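For reference, the structure is listed below as structure tokens.
The values are calculated or read from the model by the stated rules, or taken from the named source; none is laboratory data. Not measured: the values here are computed from a predicted model. No Cβ is skipped: glycine too gets one built from the backbone with ideal geometry, and neighbour counts run over all protein chains shown. Remember, those area values only see protein heavy atoms, side chains included, never the ligands or the DNA or RNA. Shrake-Rupley method; radii C 1.70, N 1.55, O 1.52, S 1.80 Å.
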Amino acid sequence: MTSNEKKTLVLKEVITPTFKAAGYRTIGQTFYRVQEECCMTVKIQSSQFNSAATGYTFWFHIEAFPKETTREKLKEWNSWGSSSIHESSLLPDCGYLHPYRNALGYCIDGYKNYVPQDMDIEDIKERIGSDLRDVILPQLDEIKSLDDWNRKKEEWTKQSWNATRILLIRYFGSAQMSAVVPEMALKLRDTQRRFGLSSEAIRENEPLYHEVRAYSDWPEDNKWEFILSALE
């Protein structure tokens, strides 16, 4: 089964039934539901770089519209350039420590340690279904108005970009992707400055680095000594 076929199966057997069970209606790959004073909308977006080599990556654009928004307007919604957020903002650790996610969104198959993957479709279905049922949809249920949406979006965005744990995870992710050369050490040092991370905080979180490493595309590459050498 190809990664595209797996994604189609996940959409057919997990994503669409889960949204419908929660009371959402569909327009193509867009799901929407009126929630008191607003219309909660979730649209599936796929990467333009999907292939047999890279695997199949997709994510959700999430946005709230006025209650009276028509189906025609929702159908025309272009999520690019909109103020929508992705499901990563709602997931634990912003989805970074997840077996079926990459920097963009959910990723089926692809490579690990330069070896093509053939991921277990049943486990993929169970994990994505659990994300929707237990994490994403319950948080969207809380939104009853555009004021609720704006407040929660600000809260999720702040958590995604300012929480120290998330900044550490992103920093370690950058290190794991870096070549062990002086030029990349300088870039990693610059990342440390931009994120406002102390060298002490980085050293104290070696276990978190190894978690990030385990979920990366190169889990066999141990970059810890490289990280230490790049610290200010």
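Restricted to segment 209-219, and to residues that are touching a helix residue (DSSP H, G or I) at 6+ places or on another chain (Cβ under 6 Å) and among the hydroxyl-bearing types (Ser, Thr, Tyr), which residue is most open to solvent (accessible area, probe 1.4 Å)?
SER216
Every residue, every condition in (1) in contact with a strand residue (DSSP E or B) (Cβ under 8 Å, 6 or more places away or on another chain); (2) open to solvent by less than 30 Å² (accessible area, probe 1.4 Å); (3) over 20 Å from TRP59 (Cβ atoms); (4) part of a helix (DSSP H, G or I), yes or no:
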{"position": "VAL135", "(1), (2), (3), (4)": "no, no, no, yes"}
{"position": "LYS144", "(1), (2), (3), (4)": "yes, no, yes, no"}
{"position": "GLY173", "(1), (2), (3), (4)": "no, yes, no, yes"}
{"position": "ASP190", "(1), (2), (3), (4)": "no, no, yes, yes"}
{"position": "GLU200", "(1), (2), (3), (4)": "no, no, yes, yes"}
{"position": "PRO207", "(1), (2), (3), (4)": "no, no, yes, yes"}
{"position": "ASP221", "(1), (2), (3), (4)": "no, no, yes, no"}
{"position": "SER229", "(1), (2), (3), (4)": "no, no, yes, yes"}
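Out of all the residues in segment 160-189, which are out of contact with any helix residue (DSSP H, G or I) (no Cβ under 7 Å at 6 or more places or on another chain) and within 27 Å of MET40 (Cα to Cα)?
Across segment 160-189, the qualifying residues are TRP161, ASN162, ALA163.
When you scan segment 1-48 for strands (runs of 3 or more DSSP E) that lie fully inside it, which ones turn up with 3 or more residues that are within 24 Å of GLU142 (Cβ to Cβ) and in contact (Cβ under 8 Å) with a residue 24 or more places away in the chain? Explain how you work it out, then say what you get.
Details: elements: 25-27, 30-35, 38-46.
Counting at least 3 such residues, we get 30-35, 38-46.
Looking only at segment 94-119, count how many residues are open to solvent by 20 Å² or more (accessible area, probe 1.4 Å), over 20 Å from VAL42 (Cα atoms) and not aromatic (Phe, Trp, Tyr).
Total satisfying the criteria: 9.
Where the second residue is acidic (Asp, Glu) and the first is open to solvent by less than 100 Å² (accessible area, probe 1.4 Å) and lies in segment 154-169, which pairs have Cβ atoms under 8 Å and are six or more apart or on separate chains?
ILE166/ASP93; ILE169/ASP93
Here's a check for you: in segment 71-93, which residue that is farther than 17 Å from GLY105 by Cα and surrounded by 16 or more Cβ atoms within 10 Å (Cβ to Cβ) is farthest from the chain's Cα centre (by Cα)? Before you say what the answer is, go through the steps one by one.
Taking segment 71-93 and keeping what is farther than 17 Å from GLY105 by Cα, we get 71-78, 81-83.
Keeping just the survivors that are surrounded by 16 or more Cβ atoms within 10 Å (Cβ to Cβ) gives 74, 77.
On the way: LEU74: 23, TRP77: 21 Å.
Here the residue is LEU74.
Of all residues in segment 55-70, count the ones that are out of contact with any Cys (no Cβ under 8 Å at 6 or more places or on another chain) and crowded, with 16+ Cβ neighbours inside 10 Å.
6
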